[in-house]
Amino acid sequence: MSASSQTPIDEPPSADDDSSKAVSKKAAKKEAAKQEKLRRRQEAAAESAISSLNVEDDPLSANYGDVPLSDLQSKEVKSIENWTQVGSLTPELKDKYVILRGRVQTIRAVGKKMAFLVVREKGFTVQCVLSEQPELVSRQMVKYVDGLSRESIVDVEGVVSVPNVAIKGASQQVEIQVRKVYCISKAMPTLPINIEDAARSEAEIDKALQAGEQLVRVNQDTRLNYRVLDMRTPANQGIFRIQCQVSTMFRQFLLDENFVEIHTPKLIGGSSEGGASVFRLDYKGQPACLAQSPQLHKQMAICGDFGRVFEIGPVFRAEDSYTHRHLCEFTGLDVEMEIKTHYSEVMDIVDRLFVAMFDSLNEKCKKALEAVDKQYPFEPLKYLRKTLRLTFEEGIQMLKDAGVEIDPLGDLNTEAERKLGQLVLEKYGTEFYILHRYPLAVRPFYTMPCYDNPTYSNSFDVFIRGEEIISGAQRVHVPEFLAERAQACGIDVKTIETYIDSFRYGAPPHGGFGVGLERVVMLFCGLNNIRKTSLFPRDPQRIAP
């Protein structure tokens, strides 16, 4: 993975900015006091509402209320066939009696006899209407619902109706005429962050500012501190469903291409990638480290005659990279395969795999992509049916022709990658392409040099929107040459003896590549920070929650 010097857009003020820190601290205290005052007010209001309910005098009291713990302890087996997901509520269900479960998103009382309750489930929302009616809905029931706290989990039963006008405050264009409502889990009256605030786009905030109104902006660190709440937003529900589809498509495509899924150890005796970016630990008195990739073991699997293998698993990098695209732990999508004649066979797999993946995302994740786009607007990815391939020298020449000064035998930095991505888009109309025949000096020790010029290598990187997502290559499969390359790269050969020995028993020519799952999703969705696509990010400053 190439390094990047760009810092995240949500980075806090620098340590030497004392005035900013002082102002920030003062503002934080003021905000904390404000939130505490609001919490007390909400608690008092809730208690007042509850105390004023004459539930015992209500003949309809069995139709609402808090469900006792004993009823939630799997006491009785019941059919769940009658339950309906919020996302499945459509006008076709008009006049049907449904049961659903979701979170209280908003409550709006209209006098004492009527209330609107918006219930959310998995990013979808529906408006539920409570209106006082003899033998159906009591005034106490309306008041009970009005006293529920946001994000509490409720069970709602009622009849589906279709209003004559569009519903602006919910995703589903139907209403539920409520007959019963039960709270099965109460949320605290005051939340650290409000879902409505966390789901707001920058465009909405800017528009409000122009109108003289100030809306809450939830910054990246606050989101990650309260990730359980943050992941409830429609955009985040979309992001991680898209991520699920990426890994699903990755697995299914490769299985269809006769690859075997394997699971390699994450505790290893020596560095798998070289360099200093490795987490070292004590393993029962022996030095060990967390695997920087499954590289060594997936190659050993090829030597074990599996032919074609892949893995989806955690990867650890102890890099001090405070950038928008680096993490200390991420999910690696790794592939290794025998080569018959040329390393272009590996690039062929990359080509077909990712075109199929992009097609699948656009077809099967439309609602998820719309949810992401609403909060984080982006242009759909431009890609070709046959993926563009350029040599490293061709890429360098394009940069030179554009007036960019660059080392012809060095790695591309972030600025050069982005510039080249821009040039490729302008010339070839694609934001997804392969750059191959990299200089050998910037590749790992196990990379095969080019036959015609050992200054270059049989390796490649793949880019989306001007940023690298894949590193791949043909591997060195001759043990003596492999040991020589390892020593030249400063690696203690003794720490990888079992790896090198595996090639002494006969090893076919082979190659492969590694992909960062979070980076693929980030770039496909045009997001600005990889922390948005990592469920619980681990970077140099974060190991919680």
Label-point separation in nm, Gln252 to Phe240, each point 7 Å along Cα→Cβ:
2.2
If a paramagnetic tag sat 7 Å from the Cα of Val67 along the Cα-Cβ line, which residues of segment 164-182 would have the backbone N under 17 Å from that point?
179-182
Please work out the Cα center distance from segment 195-249 to segment 294-310, rounded to the nearest Å.
40
In nm, give the distance between the simple-model label positions of Ala441 and Leu209, each being 7 Å from the Cα along the Cα-to-Cβ direction.
4.5
Run the numbers on segment 104-187 and let me know its relative contact order in percent, using alpha-carbon pairs under 8 Å that are six or more apart.
31
Summing +1 for each Lys or Arg and -1 for each Asp or Glu, what net charge is found among the other residues whose Cβ lies under 10 Å from the Cβ of Gln299?
+1
One would report the antiparallel percent of DSSP beta bridges in the chain, rounded to the nearest 5, as 85
Full extension from Glu202 to Leu267: what is 0.36 nm times the residue separation minus their Cα-Cα distance, to one decimal in nm?
19.2 nm
Return the Cα extents of segment 356-402 along principal axes one, two and three, sorted largest first, each rounded to a whole Å.
41, 24, 11
Percent RCO, i.e. relative contact order, over the chain, from Cα pairs under 8 Å lying at least 6 residues apart
14
Test of understanding: what is the full-extension gain from Glu426 to Val260, defined as 0.36 nm times their sequence separation minus their Cα-Cα distance?
55.9 nm
For the chain, Rg(Cα) over 2.2 N^0.38 Å is 1.17
Is the C-alpha gyration tensor of segment 178-252 telling us rounded, prolate or oblate? Criteria: a/c under 1.5 is rounded; beyond that, a/b larger than b/c is prolate, otherwise oblate.
oblate
Counting only DSSP beta bridges fully inside segment 235-532, the antiparallel percentage to nearest 5 is 85
Total charge of the residues flanking Tyr456 in space, meaning their Cβ is under 9 Å from its Cβ, with Lys and Arg +1 and Asp and Glu -1, is -1
What residue among Gln35, Val260, Phe316 has its Cα farthest toward the positive end of the dipole of the chain, where the charges are +1 on Lys, Arg and -1 on Asp, Glu, each on the Cβ?
Gln35
One would report the Cα pair-distance distribution of segment 392-542, bin width 5 Å, in %, as 2, 9, 15, 17, 16, 15, 12, 9, 4, 1, 0
Sequence order, segment 290-299: Karplus ³J(HN,Hα) from phi using 6.51 cos²θ - 1.76 cosθ + 1.60, θ = phi - 60°, Hz rounded, Gly and Pro as x, gives 7, 5, 6, 5, x, 3, 5, 6, 6, 5
Taking only C-alpha positions in segment 67-147, Rg and Dmax in angstrom work out to 14.4, 40
Once the Cβ-Cβ distance between Ile406 and Asn164 is put in as r, and R0 is 41 Å, what FRET efficiency do you end up with, to the nearest 0.05?
0.05
Determine the sum of side-chain charges near Thr533: Lys and Arg each +1, Asp and Glu each -1, restricted to other residues whose C-beta is under 9 angstrom from that of Thr533.
+2
May I ask you to give the solvent-accessible area per residue for the chain, in square angstrom, as obtained with a 1.4 angstrom probe?
50
What is the P(r) of segment 424-476, as percent of Cα-Cα pairs per 5 Å bin from 0?
5, 22, 26, 17, 14, 11, 4, 0
So if we plug the beta-carbon distance of Ser131 and Arg542 into 1/(1 + (r/R0)^6) with R0 = 51 Å, what FRET efficiency do we get, rounded to 0.05?
0.60
Just from its helices, what would the mean residue ellipticity at 222 nm be for the chain, if runs of 4 or more DSSP H residues each count -39500 (n - 2.57) and the sum is divided by every residue, rounded to the nearest 500 deg cm²/dmol?
-10000 deg cm²/dmol
Sticking with the crude label model, points 7 Å out along Cα→Cβ, report the distance from Glu363 to Asp348 in nm, one decimal please.
2.3
Could you work out, for segment 235-532, what percent of all Cα-Cα pairs fall into each 10 Å distance bin, beginning at 0 Å and stopping at the bin that holds the largest distance?
6, 27, 36, 24, 7, 0
Residues with amide H under 5 Å from that of Ser457, placed H, sequence gap 5 or more:
Tyr438, Leu440, Cys450
Which value in Å is the Kirkwood Rh of segment 233-372 over different Cα pairs?
17.0
Over segment 318-377, what portion of Cα pair distances is larger than 18 Å, expressed as a whole percent?
64
What's the carbon and sulfur percent of the chain's accessible surface, probe 1.4 angstrom, rounded to a whole number?
51
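The values are calculated or read from the model by the stated rules, or taken from the named source; none is laboratory data. This is a predicted model, so every value here is computed, not measured. No Cβ is skipped: glycine too gets one built from the backbone with ideal geometry, and neighbour counts run over all protein chains shown. Accessible surface is based on the protein model in full, side chains and every heavy atom, while ligands, DNA and RNA are left aside. Shrake-Rupley method; radii C 1.70, N 1.55, O 1.52, S 1.80 Å.
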